[in-house]
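See below for the structure under consideration.
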Amino acid sequence: MALTFTFDELTFTPHPSGEGGFEADVYFDNNWGVKVVCGIASYTLNETEVFSTAGEYSKFEYWIHAPIDFIAPGQDSYVGPVTKTELVEAITELKNRPFVQGWSPGGMGETE
């Protein structure tokens, strides 16, 4: 049975880049995770309108917390822009991947 994921499961907090930027991190039991960013904090978007909540944005970008082959989040490692629907599909796919032994979230990318 496939696991599901909804946009409402993301807990967005203000991004340190400033007003209108938001970020959310989510980790799954399979050792995969994702960081979602929207607003002025984005690399792949050229947002000109500033909203007060992440849900008001229509485009997002994400970075995959891979349990192996760690690649630090940066301009070249984000995927986007994507719509809410595309974002939820990508996160659902990550949530349904098989468990992979690897680095722990918050680690430096070294395997255990």
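Some notes on this structure:
- Complete set of residues in the stretch 46-58 that are under 12 Å from F22 (Cβ atoms), assigned to a loop (DSSP other than H, G, I, E, B) and not small (G, A, S): E47, V50, F51, T53, Y57
- When residues of the stretch 40-50 are limited to those that are surrounded by 18 or more Cβ atoms within 10 Å (Cβ to Cβ) and hydrophobic (A, V, I, L, M, F, W, C), the one nearest to the chain's Cα centre (by Cα): A41
- Residues of the stretch 9-31 satisfying the condition of being free of Cβ contacts under 8 Å to residues at least 24 places away in the same chain, farther than 16 Å from Y78 by Cα and small (G, A, S): G18
- Scan of the stretch 51-76 for residues that are surrounded by 13 or more Cβ atoms within 10 Å (Cβ to Cβ) and modelled with pLDDT under 90, ordered by number: H65, A66, P67, F70, P73
- Test: residue in the stretch 85-94 that is at pLDDT 85 or above, surrounded by 15 or more Cβ atoms within 10 Å (Cβ to Cβ) and either part of a loop (DSSP other than H, G, I, E, B) or touching a Ser or Thr at 6+ places or on another chain (Cβ under 6 Å) (or both): no
- Top-ranked residue of the stretch 26-39 - restricted to ones that are surrounded by fewer than 19 Cβ atoms within 10 Å (Cβ to Cβ) and in contact with a His (Cβ under 8 Å, 6 or more places away or on another chain), ranked as nearest to L87 (Cα to Cα): K35
- The stretch 1-45, subset in a loop (DSSP other than H, G, I, E, B) and acidic (D, E), residue farthest from N96 (Cα to Cα): E19
The values are calculated or read from the model by the stated rules, or taken from the named source; none is laboratory data. All values derive from a computational prediction rather than experimental measurement. Cβ coordinates were reconstructed from backbone atoms using ideal geometry, including for glycine residues, and neighbour counts include every protein chain displayed.
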